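The values are calculated or read from the model by the stated rules, or taken from the named source; none is laboratory data. From a predicted model like this one, the values you see are computed outputs, not experimental measurements. For neighbour counting, all protein chains shown are included, and Cβ atoms are generated from backbone atoms with ideal geometry for every residue, glycine included. Calculation scope for accessible area: heavy atoms of the full protein, side chains included, ligands and nucleic acids excluded. Shrake-Rupley method; radii C 1.70, N 1.55, O 1.52, S 1.80 Å.
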Amino acid sequence: MNDKPADSPAKGPDYAPTLYLPVTDFPMRGGLPQKEPEILARWKAIDLYGKLRSTSAGRPKFVLHDGPPYANGNIHIGHALNKILKDIVTRSQQMLGKDSNYVPGWDCHGLPIEWKIEEDNYRSKGKPKPDFTNPAAMIAFRQECRAYATHWLGVQREEFVRLGVTGDWANPYATMAFPAEAQIAREIMKFAANGLLYRGSKPVMWSVVEKTALAEAEVEYEDHVSDTIWTAFPVRTLRERSMDSTRAAMEKSGEGALDIEGVDELFAEINAASVVIWTTTPWTIPANRAISYSRKIAYSLYRVTEAAADNWAKVGGLYILADRLASDVFKSARVENFERVRAIDPRDILACSHPLNHRAAGYEFDVPLFDGDHVTDDTGTGFVHTAPSHGRDDFDVWMSNQRELIARGIDTNIPYTVDADGYYTAEAPGFAGKRVIDDKGKKGDANDAVIAELLAAGNLIARGKLKHQYPHSWRSKKPVIFRNTPQWFIAMDKPLPQTRNESLRDLALKAIKETRWAPAFGENRINGMIANRPDWVVSRQRAWGVPIAVFVKKGGHEILIDEIVNARIAQAFEQEGADAWFADGAAQRFLAPEYDPDDYEKIDDVLDVWFDSGCTHAFTLEDDEHFPGLAGIQRVRDGGADEIMYLEGSDQHRGWFHSSLLESCGTRGRAPYDVVLTHGFVLDEKGQKMSKSVGNVVAPQTVIKDSGADILRLWVAASDYSDDLRIGPEILKTFIETYRKLRNTMRWMLGSLAHFNASERVAFNDMPELERLMLHRLVELDSLVREAYLTFDYKRVIAALSAFMTSDLSAFYFDVRKDSLYCDPPSSLVRQAALTVIDEIFQRVSTWFAPILAFTCEEAFIARTGSADSSVHLQTFPATPAEWRNDELAAKWRVIRNARRIVTGALEIERASKRIGSSLEAAPVVYVADDSTRAILASVDFSEVCITSGLTLEAGEGPEDAFRDAEAPGISVAPVRASGVKCARSWRYFDPAFADPEFPEVSPRDARALRELKAKSA
RNA sequence: GGGCGCGUAGCUCAGCGGGAGAGCACUUCCUUGAUAUGGAAGGGGUCACAGGUUGGAUCCCUGUCGCGCCCA
């Protein structure tokens, strides 16, 4: 079987040393986990970042403005995706000819860090939570938070750098940096000055025990027994006497049409009825301002026909209820019998009376009915009591109906019915001093007082108890309440000064249209959110943040707007950080001498962190002093050549893209970005989200340790990041395989190029067709790769280049040319032309891949150039001469390669039958029916192309038993074994009659080579 | 429950009204001078499912299911 058994030394000398075999130190296996850190050290040593800046100074800027990750904890695979994608963008833009400067940043303020500090530094040590009314304690706590954020910023920076991300890691931005805090304060002052910042109120989760507001994440749901009540709201005003909606509802339920008398009767009945609500928080009744219904629910009017004489719900009582719930309600109300009178549409009811009306002064107002998405007919009555002071849904319904409330003359104010200690205020008439929850977290006397009054008013029809899941403070484990609190808002719909009566919402919607969204559906997504969002709540009653650094005139709502005071505040923040706001005597320091600090309230609320991050453009892209590398950005829309991109996960349509848009539109009238690119989320191999409990988490640190960062980078580039990405052991395995294939092809080029002298470079016009074909392919790929990088379509780069490297290079061009490259004499034009072309290919492939395989391409660059201080990343994509394009040649070679497939197919049959092994053992006869096809094949060395020792072309269809394939009609192949003897050097069969007498066991070509080599070494 | 997306070979992705494709993986064979490499041939898909539009649908429309993000 084997031509060269190990025990046949008679074959003569070993010719391997006389061949130009590939020679390289570039290892076949990357050893990336070890190699990559060395390359990182090199980048640092040669100051790659500095060199990138100096070589690209003056070019158009491409600014990928970093969305700041939160500085707590190690990075996860989602961070890795985000940063690698950013790095591919940054590096490719640089190689496309831009000055692409990436300045990373961090989000540092906020709740999660506060909790962590409270837990680690206080609770676990048994220390009480610091008293934030004490300036010293406040500042000490803030400094602990700062230290924590600083620590994690450092950890994450190392992890990001390890991914191969290039950027100004020595000078990142941070929302907690003093200049940043100063600028954030200046930005909120701008909203004060333009009139959009106002103080309103909103219900928040409140712990009476701890006297603090809680975030959703600080709340846990536990079983709790609540008082429940069914309360009647007497109908007060009907929309129209015609009762159109209700009559339509009756027709729908098959009750037929009404005549005029019938309508009058209907009108009278409903006027005498009550809408019934059910609630688990009786204490919120004094704060009730509306009733919510759902237009998806069927309602009817019901009459009590049988009940005990002392029952709360009397015989003859008329109640409006959801049909699905009526019998449950009457059962709870101990009604023995009832009848359904007719279908009702609640839209016909304009307002009810408050059930406590007449029990105390202050409940005379109309209680309107509104449609609410949160209303269901699963439990209760189908109507939901709505107290905007005490519930999120309640608040939202109330706020989204402001226009109608104003039109109807209803007071839109949201009452402060309960104070911080859980006591009713005077805004709950008749109940002041009663308590909802006491200091110990126990139920107070409020519910009982309300229930007694409702009963006295005749509007209580049932009561009970319910055990259900209810929010409790994560810390004290005591129940919490929703409580109206003063908050600061940015108005969405108020006209801005210096605009044509445009609101922040108008400007933001316009800015969305002017921005390029990729993928395009991002525009829809953010547009819908901006169009529908309520006013922006920017205040938090917290410690670790930038304060809403304004003063409010005592006894009024007026915010002090004074340039001198503002400058003083910003100046202090710049020097000392925002701690200055909380220091003892701050009001005096900032207000005096112009104002008397006793006349002003210093606002100690801090800004929501989304406002912080919404300001990153202001304190990074516009701060030439601290970020000189970004100085002087001139955006295309301003007549310049620079572009600003934001790139984050698709969740940031509601997050950072959104807050940055609003912040920038409110202060600058336009978006802070020109292009917004979004990516999906990382899921496991089955497309499910990762979680520790499921055990499907892939940690980037593990992948890097086992396989290297370039594998992760290849995964990011090859995946469709506009959708969700999947990762897991099997997926990683296939990318590792792909990587090996690419690496080895690079390695072979490096090994071959070891024998290439620039002085032997062959001119384009002297090259064989096969070389010119490869150069043509480079022209095609050049435009494809540039186009793909310009459109951020990296998977296309990977698909095109890996197909090129495997199919065109490895399996075809390199395979064909090995004979010349290894065996030809040094002077061979074919050999020199092939090396010239391989050099051109290598230059391009190694730069085209560099933005993705940042480490490997650098390693290859070093192996090729031996450079001690340069880098592949300092190159731009090499220009590819247009004269290399030759579509005619490409078409011709498609014919040749198609014919080649028939030959290799025929040889495969011979191989299976053990008649040949290597293709060099064959010299087939190829029959070509078509004259022009045959002429094409005759014009090249088709034997060389097929890697056979000989090949004969014949006209005609060929014999019956010749090999043929439907894909190439008219071509057939008769396999013939190569005749002659096998060349001991090239392994090709040759006719010994032509052997060189001096080198009889090698072919004449090899003899020439040996002679030349001998002469050279002499 | 609502909004925005996605569902094509084992994996990653093309295609997008008229032949279901590529690279990797897999199987078999060859090479042993890219050698823990290289070459060749081959197998593998009811294009999530169900309706509809069309002379014709993976592609257009509607619905269902599954998955994700954002809300509720």
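To the nearest Å, what is the center-to-center distance of the stretch A:343-359 and the stretch A:437-492, using C-alpha atoms only? First find each Cα centre; the distance between them is then 23 Å. Relative to one another, the C-alpha centroids of the stretch A:821-835 and the stretch A:929-961 are positioned 25 Å apart.
Given a Förster distance of 51 angstrom, what is the FRET efficiency for A:Arg53 paired with A:Glu119, based on the Cβ-Cβ distance and rounded to 0.05? Efficiency, rounded to the nearest 0.05: 0.75.
Counting 0.36 nm for each residue step from A:Leu889 to A:Ala308 and taking away their Cα separation leaves a gain of 199.0 nm. Taking all Cα pairs closer than 8 Å and separated by 6 or more residues, the relative contact order of chain A comes to 14 percent.
Convex hull volume of the Cα atoms of the stretch A:838-948, normalised per residue: 165 Å³.
A:Ser783 sits among other residues whose Cβ lies under 14 Å from its own Cβ, and their net charge, with Lys and Arg +1 and Asp and Glu -1, is 0. For A:Arg59, what charge total do you get from the other residues with a beta carbon under 13 Å from its beta carbon, if Lys and Arg give +1 and Asp and Glu give -1? Around A:Arg59, the surrounding residues sum to 0.
Plugging the Kirkwood radius over Cα pairs into Stokes-Einstein for the stretch A:278-378, at a temperature of 25 °C and a viscosity of 0.890 mPa s, what D comes out in µm²/s? Intermediate values should be presented prior to the final figure.
On the way: Rh = 14.9 Å.
D, rounded to a whole number, is 164 µm²/s.
Looking at the P(r) of the stretch A:191-337, how many percent of alpha-carbon pairs lie beyond 19 Å? Roughly 68 percent, once rounded to a whole number.
Relative to the current alpha-carbon distance between A:Lys44 and A:Lys554, full extension at 0.36 nm per residue lengthens the span by 178.0 nm.
If you sort A:Met749, A:Met399 by accessible surface, 1.4 Å probe, largest first, the order is A:Met399, A:Met749. Compared with the dominant Cα axis of chain A, that is its longest principal axis, helix A:709-718 is turned about 80°. For the stretch A:261-356, the relative contact order comes to 33 percent (Cα pairs under 8 Å, sequence separation of at least 6). Between A:Lys692 and A:Ile297, the distance separating the two model label sites (each 7 Å from Cα on the Cα→Cβ line) works out to 4.0 nm. The 1.4 Å probe gives accessible areas that order A:His776, A:His755, largest first, as A:His755, A:His776.
Around A:Lys554, under 9 Å between beta carbons, what's the net of Lys plus Arg minus Asp minus Glu among the other residues? Don't skip to the end; give the middle numbers.
Details: positive: A:Lys553; negative: A:Asp598, A:Asp599, A:Glu601.
Local charge sum for A:Lys554: -2.
Note on the stretch A:802-849: Kirkwood radius taken over Cα pairs, Stokes-Einstein applied at 20 °C and 1.002 mPa s, translational D equal to 190 µm² s⁻¹.
In terms of the mean number of neighbouring beta-carbon atoms within 10 Å, the peptides A:426-439, A:218-231, A:519-532 order highest first as A:426-439, A:218-231, A:519-532.
Taking the C-alpha atoms only, the angle from helix A:504-513 to the longest principal axis of chain A is near 20 degrees. Run a plain Debye calculation on the stretch A:556-641 (Cα atoms as equal point scatterers, no solvent) and give log10 I(q)/I(0) at q = 0.23, 0.24 Å⁻¹, rounded to two decimals, same order as the q list. Values, matching the q order: -1.22, -1.27. Spacing of the modelled spin labels on A:Arg589 and A:Gln498, each 7 Å from Cα toward Cβ, amounts to 3.0 nm.
Taking label points 7 Å from Cα along the Cα-to-Cβ direction, A:Val940 and A:Thr379 give a separation of 7.7 nm. When you count the other C-beta atoms within 10 angstrom of each residue and take the mean per peptide, A:329-339, A:503-513 line up highest first as A:503-513, A:329-339.
Could you sort the peptides A:40-51, A:344-355, A:940-951 by per-residue average Cβ neighbour count (10 Å cutoff), highest mean leading? Before the final figure, lay out the partial values.
Details: A:40-51: 15.3, A:344-355: 22.2, A:940-951: 20.4.
Those peptides, ordered most packed to least, come out A:344-355, A:940-951, A:40-51.
The accessible surface of chain A, taken with every protein chain in place and a 1.4 Å probe, is 52 percent carbon and sulfur. Considering all different alpha carbon pairs of the stretch A:148-250, the Kirkwood hydrodynamic radius works out to 21.6 Å. Normalising the Debye intensity of the stretch A:505-659 to I(0), with uniform scatterers on Cα atoms only, and taking log10 at q = 0.13, 0.15, 0.17 Å⁻¹ returns -0.82, -1.00, -1.13.
Using the Cβ-Cβ distance between A:Gln634 and A:Ala1018 with R0 set to 56 Å, the FRET efficiency from 1/(1 + (r/R0)^6) comes to roughly 0.30. Between A:Thr806 and A:Ala456, the contour length at 0.36 nm per residue exceeds the Cα-Cα span by 117.2 nm. Taking all protein chains together and a 1.4 Å probe, the residues A:Arg157, A:Arg359 rank A:Arg359, A:Arg157 from largest to smallest accessible area. Please work out the C-alpha center-to-center distance from the stretch A:150-208 to the stretch A:58-100 and express it in whole Å. The stretch A:150-208 and the stretch A:58-100 have Cα centres separated by 19 Å. Helix A:135-162 and the long axis of chain A differ in direction by around 20°, with both axes built from C-alpha atoms. As a ratio to 2.2 N^0.38 Å, the alpha-carbon radius of gyration computed for the stretch A:615-673 takes the value 1.15.
If the viscosity is 1.002 mPa s and the temperature 20 °C, what Stokes-Einstein diffusion coefficient in µm²/s follows for chain A when Rh is the Kirkwood radius over Cα pairs?
The Stokes-Einstein estimate is 61 µm²/s.
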